[in-house]
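The values are calculated or read from the model by the stated rules, or taken from the named source; none is laboratory data. Model, not experiment: these values are computed from the prediction. Quick reminder, even Gly has a Cβ in these numbers, built from the backbone with ideal geometry, and neighbours come from all protein chains shown.
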Amino acid sequence: MTLWGAGMIVSYFANRQLIEESYQSANVAANSQLSETERLKAQYDFQQTLGLLTHREQNSVPFWLHFGLNSNEPLLAHLWPLYQQTVLPPLRDNIRQQLEQRLQAYAQLSPNSDERRQATQRAYQDLKTYLMMSTPERMDPAFFTDSILTTLPAPQGIDEGEWHTLGKELLMFYAQQLPKHPDWQLSANNNLINQSRTLLIRQIGQRSESASLYQKVLLQAQNQFPDMTLNDMTNDTDVSFLLTTEEFVPGIFTRKAWEESIQPAIKKTVESRRNEIDWVLSDSQHELSQDISPDVLKQQLTERYFADFSSSWLNFLNQPAMATDRQPVRYY
(Lines give C-alpha, C1' and ligand atoms only; values in the text may rest on other atoms or scores of the structure.)
Protein backbone atom coordinates (compact mmCIF):
# COMPACT_ATOMS: atom_id res chain seq x y z
CA MET A 1 0.00 0.00 0.00
CA THR A 2 2.83 2.37 0.84
CA LEU A 3 4.42 1.71 -2.55
CA TRP A 4 1.10 2.23 -4.32
CA GLY A 5 0.49 5.46 -2.44
CA ALA A 6 3.95 6.77 -3.31
CA GLY A 7 3.34 5.80 -6.92
CA MET A 8 0.08 7.73 -7.01
CA ILE A 9 1.77 10.82 -5.59
CA VAL A 10 4.58 10.67 -8.17
CA SER A 11 2.04 10.02 -10.93
CA TYR A 12 -0.11 12.94 -9.80
CA PHE A 13 2.71 15.48 -9.89
CA ALA A 14 4.18 14.10 -13.12
CA ASN A 15 0.81 14.26 -14.88
CA ARG A 16 0.12 17.71 -13.49
CA GLN A 17 3.44 18.97 -14.79
CA LEU A 18 2.77 17.38 -18.18
CA ILE A 19 -0.64 19.05 -18.40
CA GLU A 20 0.69 22.47 -17.38
CA GLU A 21 3.60 22.30 -19.82
CA SER A 22 1.32 21.15 -22.64
CA TYR A 23 -1.14 24.01 -22.18
CA GLN A 24 1.67 26.51 -21.77
CA SER A 25 3.18 25.28 -25.02
CA ALA A 26 -0.20 25.64 -26.75
CA ASN A 27 -0.67 29.18 -25.42
CA VAL A 28 2.76 30.28 -26.62
CA ALA A 29 2.11 28.78 -30.06
CA ALA A 30 -1.09 30.85 -30.28
CA ASN A 31 0.54 34.11 -29.14
CA SER A 32 0.15 36.57 -32.02
CA GLN A 33 2.49 39.06 -30.30
CA LEU A 34 5.52 36.90 -31.06
CA SER A 35 7.58 37.25 -34.22
CA GLU A 36 6.91 34.71 -36.96
CA THR A 37 10.14 32.86 -36.22
CA GLU A 38 9.38 32.74 -32.48
CA ARG A 39 5.89 31.42 -33.20
CA LEU A 40 7.39 28.81 -35.51
CA LYS A 41 9.61 27.59 -32.68
CA ALA A 42 6.66 27.60 -30.26
CA GLN A 43 4.51 25.66 -32.72
CA TYR A 44 7.31 23.16 -33.12
CA ASP A 45 7.54 22.72 -29.33
CA PHE A 46 3.77 22.23 -29.13
CA GLN A 47 3.93 19.71 -31.94
CA GLN A 48 6.69 17.83 -30.12
CA THR A 49 4.39 17.53 -27.12
CA LEU A 50 1.62 16.15 -29.32
CA GLY A 51 4.04 13.76 -30.96
CA LEU A 52 5.22 12.49 -27.58
CA LEU A 53 1.69 11.94 -26.31
CA THR A 54 0.68 10.23 -29.56
CA HIS A 55 3.70 7.93 -29.37
CA ARG A 56 2.83 7.00 -25.80
CA GLU A 57 -0.77 6.32 -26.74
CA GLN A 58 0.28 3.99 -29.56
CA ASN A 59 2.99 2.23 -27.56
CA SER A 60 3.04 2.58 -23.80
CA VAL A 61 2.88 5.27 -21.14
CA PRO A 62 5.82 5.38 -18.68
CA PHE A 63 5.06 3.50 -15.48
CA TRP A 64 5.44 6.59 -13.29
CA LEU A 65 2.47 8.19 -15.07
CA HIS A 66 0.17 5.25 -14.30
CA PHE A 67 -1.13 4.29 -10.88
CA GLY A 68 -4.69 5.12 -11.91
CA LEU A 69 -3.87 8.72 -12.79
CA ASN A 70 -2.77 8.40 -16.42
CA SER A 71 -4.00 11.51 -18.25
CA ASN A 72 -2.39 10.83 -21.64
CA GLU A 73 -5.59 10.08 -23.56
CA PRO A 74 -7.79 12.90 -22.17
CA LEU A 75 -4.91 15.35 -22.55
CA LEU A 76 -4.52 14.41 -26.22
CA ALA A 77 -8.26 14.85 -26.71
CA HIS A 78 -7.96 18.43 -25.42
CA LEU A 79 -4.75 19.30 -27.29
CA TRP A 80 -5.75 18.19 -30.81
CA PRO A 81 -8.42 20.94 -31.08
CA LEU A 82 -5.80 23.46 -29.91
CA TYR A 83 -3.44 22.28 -32.65
CA GLN A 84 -6.26 22.64 -35.16
CA GLN A 85 -6.90 26.21 -33.97
CA THR A 86 -3.32 27.45 -33.56
CA VAL A 87 -0.79 25.55 -35.68
CA LEU A 88 -2.89 24.21 -38.53
CA PRO A 89 -4.49 27.41 -39.97
CA PRO A 90 -1.32 29.44 -40.67
CA LEU A 91 0.54 26.38 -41.93
CA ARG A 92 -2.19 25.08 -44.21
CA ASP A 93 -3.55 28.43 -45.40
CA ASN A 94 -0.13 29.75 -46.38
CA ILE A 95 0.55 26.66 -48.48
CA ARG A 96 -2.91 26.77 -50.07
CA GLN A 97 -2.55 30.42 -51.01
CA GLN A 98 0.82 29.91 -52.67
CA LEU A 99 -0.23 26.78 -54.56
CA GLU A 100 -3.43 28.39 -55.85
CA GLN A 101 -1.50 31.45 -57.00
CA ARG A 102 1.02 29.30 -58.85
CA LEU A 103 -1.66 27.21 -60.56
CA GLN A 104 -3.51 30.37 -61.60
CA ALA A 105 -0.27 31.84 -62.94
CA TYR A 106 0.30 28.67 -64.98
CA ALA A 107 -3.15 29.02 -66.51
CA GLN A 108 -2.30 32.57 -67.62
CA LEU A 109 0.74 31.48 -69.65
CA SER A 110 0.41 31.44 -73.43
CA PRO A 111 -0.63 27.92 -74.58
CA ASN A 112 2.20 27.41 -77.06
CA SER A 113 4.89 29.33 -75.23
CA ASP A 114 8.19 27.98 -73.95
CA GLU A 115 7.19 29.30 -70.53
CA ARG A 116 4.11 27.03 -70.49
CA ARG A 117 6.15 24.00 -71.56
CA GLN A 118 8.88 24.65 -69.01
CA ALA A 119 6.38 25.23 -66.20
CA THR A 120 4.33 22.08 -66.85
CA GLN A 121 6.23 19.72 -64.55
CA ARG A 122 6.22 22.27 -61.76
CA ALA A 123 2.48 22.85 -62.20
CA TYR A 124 1.87 19.10 -62.08
CA GLN A 125 3.78 18.92 -58.81
CA ASP A 126 1.85 21.89 -57.42
CA LEU A 127 -1.48 20.28 -58.34
CA LYS A 128 -0.47 16.96 -56.79
CA THR A 129 0.55 18.70 -53.56
CA TYR A 130 -2.70 20.71 -53.53
CA LEU A 131 -4.81 17.59 -54.06
CA MET A 132 -3.07 15.75 -51.24
CA MET A 133 -4.26 18.44 -48.85
CA SER A 134 -7.88 18.00 -49.96
CA THR A 135 -7.84 14.18 -50.23
CA PRO A 136 -6.21 12.81 -47.05
CA GLU A 137 -6.17 9.23 -48.34
CA ARG A 138 -3.81 10.36 -51.12
CA MET A 139 -1.31 12.03 -48.79
CA ASP A 140 2.32 11.03 -49.28
CA PRO A 141 4.21 12.70 -46.40
CA ALA A 142 7.67 12.44 -47.97
CA PHE A 143 6.56 13.84 -51.35
CA PHE A 144 4.43 16.55 -49.75
CA THR A 145 7.18 17.80 -47.43
CA ASP A 146 9.87 17.74 -50.10
CA SER A 147 7.58 19.48 -52.61
CA ILE A 148 6.78 22.35 -50.25
CA LEU A 149 10.37 22.88 -49.14
CA THR A 150 11.85 22.76 -52.65
CA THR A 151 9.26 24.72 -54.61
CA LEU A 152 7.70 27.23 -52.22
CA PRO A 153 9.50 30.06 -50.42
CA ALA A 154 9.51 30.28 -46.64
CA PRO A 155 6.46 32.04 -45.16
CA GLN A 156 6.86 35.79 -44.85
CA GLY A 157 8.79 36.81 -41.75
CA ILE A 158 10.36 33.39 -41.18
CA ASP A 159 14.08 32.81 -41.59
CA GLU A 160 14.89 30.47 -44.49
CA GLY A 161 17.14 28.31 -42.34
CA GLU A 162 14.57 27.97 -39.58
CA TRP A 163 11.92 27.03 -42.13
CA HIS A 164 14.04 24.24 -43.60
CA THR A 165 14.63 22.73 -40.16
CA LEU A 166 11.61 23.41 -37.96
CA GLY A 167 9.27 23.92 -40.92
CA LYS A 168 10.22 20.50 -42.28
CA GLU A 169 9.17 18.91 -39.00
CA LEU A 170 5.87 20.81 -38.96
CA LEU A 171 5.09 19.81 -42.55
CA MET A 172 5.95 16.15 -42.01
CA PHE A 173 3.85 15.97 -38.84
CA TYR A 174 0.87 17.59 -40.57
CA ALA A 175 1.17 15.23 -43.55
CA GLN A 176 1.44 12.14 -41.35
CA GLN A 177 -1.52 13.11 -39.20
CA LEU A 178 -3.87 14.33 -41.96
CA PRO A 179 -5.18 10.85 -42.92
CA LYS A 180 -6.01 10.28 -39.23
CA HIS A 181 -7.83 13.61 -39.02
CA PRO A 182 -9.86 13.93 -42.26
CA ASP A 183 -11.66 16.97 -40.83
CA TRP A 184 -8.40 18.88 -41.42
CA GLN A 185 -8.67 18.43 -45.17
CA LEU A 186 -8.52 21.47 -47.38
CA SER A 187 -11.69 22.82 -48.94
CA ALA A 188 -10.24 22.91 -52.43
CA ASN A 189 -11.12 25.14 -55.37
CA ASN A 190 -12.67 22.57 -57.73
CA ASN A 191 -12.79 24.99 -60.66
CA LEU A 192 -9.06 25.55 -60.33
CA ILE A 193 -8.43 21.81 -60.10
CA ASN A 194 -10.46 21.06 -63.23
CA GLN A 195 -8.84 23.91 -65.14
CA SER A 196 -5.34 22.78 -64.14
CA ARG A 197 -6.07 19.17 -65.10
CA THR A 198 -7.35 20.20 -68.51
CA LEU A 199 -4.32 22.37 -69.24
CA LEU A 200 -1.81 19.79 -68.02
CA ILE A 201 -3.40 16.97 -70.02
CA ARG A 202 -3.39 19.15 -73.12
CA GLN A 203 0.24 20.08 -72.58
CA ILE A 204 1.28 16.48 -71.99
CA GLY A 205 -0.51 15.49 -75.18
CA GLN A 206 1.43 18.10 -77.16
CA ARG A 207 4.73 17.16 -75.55
CA SER A 208 4.23 13.42 -75.87
CA GLU A 209 3.08 12.82 -79.44
CA SER A 210 3.73 9.21 -80.38
CA ALA A 211 5.97 10.22 -83.31
CA SER A 212 8.45 12.07 -81.11
CA LEU A 213 8.34 9.39 -78.42
CA TYR A 214 8.98 6.73 -81.05
CA GLN A 215 12.08 8.56 -82.25
CA LYS A 216 13.35 8.71 -78.67
CA VAL A 217 12.85 4.96 -78.32
CA LEU A 218 14.88 4.32 -81.47
CA LEU A 219 17.54 6.87 -80.55
CA GLN A 220 18.40 5.24 -77.24
CA ALA A 221 18.97 1.92 -79.08
CA GLN A 222 21.12 3.35 -81.85
CA ASN A 223 24.77 2.26 -81.96
CA GLN A 224 24.06 -0.52 -79.45
CA PHE A 225 23.42 -3.27 -81.98
CA PRO A 226 25.46 -4.08 -85.11
CA ASP A 227 23.79 -4.04 -88.49
CA MET A 228 22.93 -7.49 -89.81
CA THR A 229 24.47 -8.52 -93.13
CA LEU A 230 23.84 -11.52 -95.38
CA ASN A 231 26.86 -13.32 -93.89
CA ASP A 232 25.50 -12.77 -90.37
CA MET A 233 22.26 -14.43 -91.39
CA THR A 234 23.99 -17.48 -92.85
CA ASN A 235 26.26 -18.00 -89.84
CA ASP A 236 29.37 -17.14 -91.86
CA THR A 237 28.59 -19.81 -94.45
CA ASP A 238 29.93 -18.60 -97.79
CA VAL A 239 26.94 -17.99 -100.04
CA SER A 240 28.68 -15.59 -102.39
CA PHE A 241 28.56 -18.15 -105.19
CA LEU A 242 24.75 -17.98 -104.97
CA LEU A 243 23.80 -14.51 -103.71
CA THR A 244 25.52 -11.22 -103.20
CA THR A 245 24.46 -7.87 -101.75
CA GLU A 246 25.91 -4.88 -99.99
CA GLU A 247 22.64 -4.14 -98.20
CA PHE A 248 22.06 -4.81 -94.51
CA VAL A 249 19.30 -4.69 -91.89
CA PRO A 250 19.79 -1.81 -89.42
CA GLY A 251 20.77 -3.12 -85.99
CA ILE A 252 17.76 -1.55 -84.30
CA PHE A 253 15.45 -3.75 -86.40
CA THR A 254 16.72 -7.09 -85.18
CA ARG A 255 15.27 -9.53 -82.67
CA LYS A 256 18.12 -8.83 -80.26
CA ALA A 257 17.42 -5.08 -80.39
CA TRP A 258 13.70 -5.65 -79.83
CA GLU A 259 14.15 -7.93 -76.84
CA GLU A 260 17.01 -6.08 -75.14
CA SER A 261 16.27 -2.45 -75.89
CA ILE A 262 13.18 -1.49 -77.89
CA GLN A 263 10.61 -3.49 -75.95
CA PRO A 264 11.93 -2.35 -72.51
CA ALA A 265 12.11 1.24 -73.79
CA ILE A 266 8.48 1.14 -74.93
CA LYS A 267 7.48 -0.32 -71.57
CA LYS A 268 9.37 2.45 -69.76
CA THR A 269 7.79 5.14 -71.95
CA VAL A 270 4.30 3.77 -71.37
CA GLU A 271 4.92 3.51 -67.62
CA SER A 272 6.08 7.12 -67.62
CA ARG A 273 2.85 8.13 -69.37
CA ARG A 274 0.86 6.07 -66.89
CA ASN A 275 2.55 7.87 -64.02
CA GLU A 276 1.72 11.22 -65.60
CA ILE A 277 -1.90 10.33 -66.25
CA ASP A 278 -2.56 9.18 -62.70
CA TRP A 279 -5.05 10.22 -60.03
CA VAL A 280 -3.63 13.75 -60.16
CA LEU A 281 -4.93 14.35 -63.68
CA SER A 282 -8.02 12.19 -63.63
CA ASP A 283 -10.94 11.29 -61.44
CA SER A 284 -13.75 8.77 -61.51
CA GLN A 285 -16.12 11.24 -63.15
CA HIS A 286 -14.05 12.02 -66.24
CA GLU A 287 -12.53 9.61 -68.74
CA LEU A 288 -9.17 10.47 -70.22
CA SER A 289 -8.89 11.13 -73.93
CA GLN A 290 -7.78 8.09 -75.90
CA ASP A 291 -5.09 10.28 -77.45
CA ILE A 292 -3.04 10.18 -74.27
CA SER A 293 -4.08 6.76 -72.95
CA PRO A 294 -1.04 4.67 -71.90
CA ASP A 295 -2.50 1.54 -73.55
CA VAL A 296 -3.10 3.37 -76.80
CA LEU A 297 0.44 4.77 -76.69
CA LYS A 298 1.87 1.26 -76.23
CA GLN A 299 -0.11 0.01 -79.22
CA GLN A 300 0.98 2.96 -81.39
CA LEU A 301 4.67 2.58 -80.55
CA THR A 302 4.65 -1.19 -81.03
CA GLU A 303 2.78 -1.06 -84.34
CA ARG A 304 5.04 1.68 -85.64
CA TYR A 305 8.17 -0.25 -84.73
CA PHE A 306 7.06 -3.48 -86.39
CA ALA A 307 5.93 -1.60 -89.49
CA ASP A 308 9.46 -0.21 -89.82
CA PHE A 309 10.88 -3.60 -88.82
CA SER A 310 8.98 -5.33 -91.63
CA SER A 311 9.86 -2.61 -94.12
CA SER A 312 13.57 -2.88 -93.35
CA TRP A 313 13.61 -6.64 -93.75
CA LEU A 314 11.54 -6.58 -96.93
CA ASN A 315 13.87 -3.98 -98.40
CA PHE A 316 16.86 -6.16 -97.54
CA LEU A 317 15.31 -9.35 -98.94
CA ASN A 318 14.63 -7.64 -102.25
CA GLN A 319 18.27 -6.60 -102.70
CA PRO A 320 20.35 -9.83 -102.99
CA ALA A 321 21.26 -10.68 -106.59
CA MET A 322 22.09 -14.07 -108.08
CA ALA A 323 25.85 -14.38 -108.30
CA THR A 324 25.65 -15.42 -111.98
CA ASP A 325 23.54 -12.65 -113.44
CA ARG A 326 23.45 -10.06 -110.60
CA GLN A 327 19.69 -9.79 -110.95
CA PRO A 328 17.84 -8.91 -107.73
CA VAL A 329 15.76 -11.68 -106.23
CA ARG A 330 12.26 -10.29 -105.84
CA TYR A 331 10.04 -11.41 -102.96
CA TYR A 332 6.99 -9.42 -103.93
- Looking across the range 7-54 at residues that are more than 14 Å from Leu79 (Cα to Cα) and assigned to a loop (DSSP other than H, G, I, E, B), the single one that is modelled with the highest pLDDT is Ser35
- Kindly establish whether Arg138 is farther than 29 Å from Gln48 by Cα and charged (D, E, K, R). no
- Message: Of all residues being under 18 Å from Gln85 (Cα atoms) and among the hydrophobic types (A, V, I, L, M, F, W, C) in the range 173-199, which is surrounded by the most Cβ atoms within 10 Å (Cβ to Cβ)? Just the residue, please.
- Response: Leu178
- Query: Of Thr150, Thr135, which residue is outside the structural domain of Ala42 (by TED's automatic domain parsing), surrounded by 14 or more Cβ atoms within 10 Å (Cβ to Cβ), of a type in the set (Val, Ile, Thr) and under 30 Å from Val270 (Cβ atoms)?
  - Reply: Thr135
- Flag for Ala123 being in contact with a Phe, Trp or Tyr (Cβ under 6 Å, 6 or more places away or on another chain), assigned to a loop (DSSP other than H, G, I, E, B) and not assigned by TED's automatic domain parsing to the domain that holds Asp278: no
- Message: I'm told Ala154 meets every condition in (1) over 15 Å from the mean Cα position of the chain (by Cα); (2) assigned to a helix (DSSP H, G or I) except one. Can you identify the failing condition by its number?
- Response: (2)
